[in-house]
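Read through the structure below, which is laid out as structure tokens, and then see the notes.
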Amino acid sequence: MSQINLDNDDFRNHLYNQAKDGKRLWIYPGRIIGQLYTLRTYISYLLLTLLFGLPWVEINGQPIFLFNILERKFIFWTVPFFPQDFHLVALGLVSFLIFISLFTVLFGRIWCGWACPQTIFMEMLFRKIEYWIEGDDKAQRRLNEGPWNNKKIIKKGFKHTLFLILSFAISNTFLMYIIGKADWLKIINENPADHIKGLAAMLIFTGVFYFVFARFRELVCIVVCPYGRLQGVLLDNNSILVQYDHKRGEPRGKISSTVEKGDCIDCHWCVRVCPTGIDIRNGSNQLECIGCTSCIDACDEVMEKIHKPKGLIRYDSFNGVNSRTKLKFTKRIAAYTSVLILIISVLAFMLLTRRNWESTLLRTPGMTYQYDEKTHLVSNLYQLRILNKSMKSQGFQVSLEAPLRLVWVGNQIEQVQPGHMAKGEFFIQARTRAWKQGEKVHVKIINSAGKEESLKTSFIQPDE
Ligand code: SF4
Ligand code: SF4
């Protein structure tokens, strides 16, 4: 495996982890300790606990999150969503995209460095296992370049076994978010022959995660992730990013008593710890930078040793580094914020006023009215559908105001199971001249919790 060339200065011509002949250069990030790394570790453990723990938690027998695309069942923060709520989901996604854009304009790739599952799994789980078994970056390189002896076979075997177990755990967790705990437990406990598809999904997911974290690694952020690709259009000179203070650091070079130098001693420690292999001193507008802050910790460690103030690499904006100006509330941020507030307000209103059932009432197509000469009753036939959008069974009462009468044809809609749609047909009847010609009819639906809905429809009768 090729090694990364730390002295490579034509960084704009090819990826850091790619040799000129196109070969992949394996990155061995140095082991880092530092305040930001410690904080990231605590935050990542909290997020991992939530990620692995939430599928096990149920409220009123229902999961907190469920993204069952196959059966079109979605639960978000215990609120169930159905395909009929597509407009809410679309609005939610638009709000989320605008939020991400605004957040990125302000704080760059904070998400990537601090909360993205790819970074957290890679840096806080898989990388730590690798350090634990194979040692630091130098030891890993020696091992990779060394012959396949017993020591190497045992270390590599142990590491990849743990990687597979972890990938299996991650795969099962994601599966639980998709099919829910109950269905996942069935796959685990019941006859494997009855759950071939579930088991296949488990194994495929495990293989994908293993490949991503054992081999593909930083290429996810550099090549695949669409969010990473968007950075170039979202960031501006006031965005807060991991920045190298070139004013303070340059001209870089070894400490000298004869030549005046900047604070950067060109030790390359910031480059060696970088998980994407880049040199932050080439500028903060490098799309490969995932904002992981490792170079901040690394440089602070160096500054401490050479008795210089920390923060040669720090969180700052490009303008902040150049002119010491603080973050400005730009017109772009104001525009994003206004649109975001508007969309979130509409979304909140729609969620708060959302009824947990949805009903449609249609006059039966192709029919006008029936007239009974003996009783002088005029009848119109209607079709009613009620979708229960909650996770509990709901009772319904359908009624009309006098002098109209409602007569069910076949089964009356009374109880609707969660997520199910009940269908029923009924006549609306009135004696001739009892109902004003052309006046709309209001059909009232009340659920078991006492919530009401009024559906308007027309009633056709013979001309007077
Ligand atoms: S760690 Fe700091 S001093 Fe060393 S090369 Fe990087 S910026 Fe310069
Ligand atoms: S340049 Fe620094 S912040 Fe960016 S990815 Fe590399 S180590 Fe992380």
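Apply 1/(1 + (r/R0)^6) to the Cβ-Cβ distance of HIS376 and GLN397, taking R0 = 30 Å, and write down the FRET efficiency to the nearest 0.05.
On the way: r = 28 Å, r/R0 = 0.93.
With a Förster radius of 30 Å, E is 0.60.
Tilt of helix 331-352 relative to the longest C-alpha principal axis of the chain, in degrees (0 to 90, nearest 10)?
40 degrees
Would you mind calculating the relative contact order of region 61-107 from Cα pairs under 8 angstrom and at least 6 residues apart, reporting the percent as a whole number?
Contact order relative to length: 21 percent.
Along the Cα→Cβ direction, 7 angstrom out, place labels at TYR131 and PHE86. What is the inter-label distance in nm?
Going by the 7 Å Cα→Cβ label model, 4.8 nm.
For the chain, what is the percent of antiparallel DSSP beta bridges, rounded to the nearest 5? Intermediate results must be reported in sequence, preceding the final value.
Numbers: 51 of 53 bridges.
About 95 percent, rounded to the nearest 5.
How far is it, in nm, from the label point at VAL346 to the one at ASN322 when both lie 7 Å from their Cα along the line to the Cβ?
Simple spin-label model gives 3.7 nm for this pair.
Apply 1/(1 + (r/R0)^6) to the Cβ-Cβ distance of THR457 and LEU230, taking R0 = 45 Å, and write down the FRET efficiency to the nearest 0.05.
Between THR457 and LEU230 the formula returns 0.40.
Neighbour counts of other C-beta atoms within 10 Å: give me GLU218, GLU58 arranged from fewest to most. The partial results should precede the final answer.
On the way: GLU218 22, GLU58 13.
Lowest to highest Cβ neighbour count: GLU58, GLU218.
Summing -39500 (n - 2.57) over the DSSP H runs of n ≥ 4 in the chain and dividing by its residue number, what mean residue ellipticity at 222 nm do you reach, to the nearest 500 deg cm²/dmol?
So the helix-based figure for the chain works out to -12000 deg cm²/dmol.
List the trypsin sites (Lys or Arg not before Pro) within region 291-372 that fall in a DSSP loop (any state other than H, G, I, E or B) and whose Cβ has at most 16 other Cβ atoms within 10 Å.
LYS310, ARG324, LYS326, LYS328, ARG354, ARG355
Are there any GluC sites (Glu not before Pro) in region 320-401 that are in a DSSP loop and have at most 10 other Cβ atoms within 10 Å? List them by number.
Loop-located and lightly packed - GLU373, GLU401.
May I ask for the longest run of the chain untouched by chymotrypsin sites (Phe, Trp or Tyr not before Pro) that are loop-located per DSSP and have at most 13 neighbouring C-beta atoms (other than their own) within 10 Å? Don't skip to the end; give the middle numbers.
Details: sites that count: TRP77, TRP148, PHE329.
The reported range is 149-328.
Helix 86-107 sits at what angle to the longest principal axis of the chain, using alpha carbons and giving 0 to 90 degrees rounded to 10?
Orientation of helix 86-107: about 20 degrees from the principal axis.
For the chain, what is the charge dipole size about the Cα centre, in debye to the nearest 20, if Lys and Arg each add +1 at the Cβ and Asp and Glu each add -1 at the Cβ? Display every interim value, and only then the final one.
Numbers: 57 positive and 41 negative charges, 115 e Å.
In debye, rounded to 20, the chain gives about 560.
Counting alpha carbon pairs within less than 8 Å and at least 6 residues apart, what relative contact order, in whole percent, applies to the chain?
Averaging sequence separation for qualifying contacts and normalising by length gives 14 percent for the chain.
Assuming 0.36 nm per residue, please report the length gained on full extension of the stretch LYS254 to GLN417 beyond their Cα-Cα distance.
51.2 nm
Using the 10 angstrom Cβ neighbour count as an exposure proxy, how do LEU230, LEU352 rank, fewest first?
Least to most surrounded, the residues fall as LEU352, LEU230.
Please report, to one decimal in angstroms, the Kirkwood hydrodynamic radius of the chain built from all distinct Cα-Cα pairs.
One over the average 1/r among Cα pairs gives 27.6 Å for the chain.
Could you pull out the trypsin sites (Lys or Arg not before Pro) across region 222-285 that fall in loop regions by DSSP (anything but H, G, I, E, B) with no more than 10 other Cβ atoms inside 10 Å?
Working: sites: ARG229, LYS247, ARG248, ARG252, LYS254, LYS261, ARG272, ARG281; in loops: ARG252, LYS254, LYS261.
Of the trypsin sites (Lys or Arg not before Pro), the ones in loops of region 222-285 whose Cβ has at most 10 other Cβ atoms within 10 Å are LYS254.
Once you have the Cα-Cα distance between GLU145 and LEU97, take 0.36 nm times their residue separation minus that, and quote the gain in nm to one decimal.
Separation in residues times 0.36 nm, less the Cα-Cα distance, equals 12.9 nm.
Each reported figure results from applying straightforward, stated rules to the coordinates on display, with no laboratory input. Keep in mind it's a predicted model, so treat the numbers as computed, not measured. For neighbour counting, all protein chains shown are included, and Cβ atoms are generated from backbone atoms with ideal geometry for every residue, glycine included.
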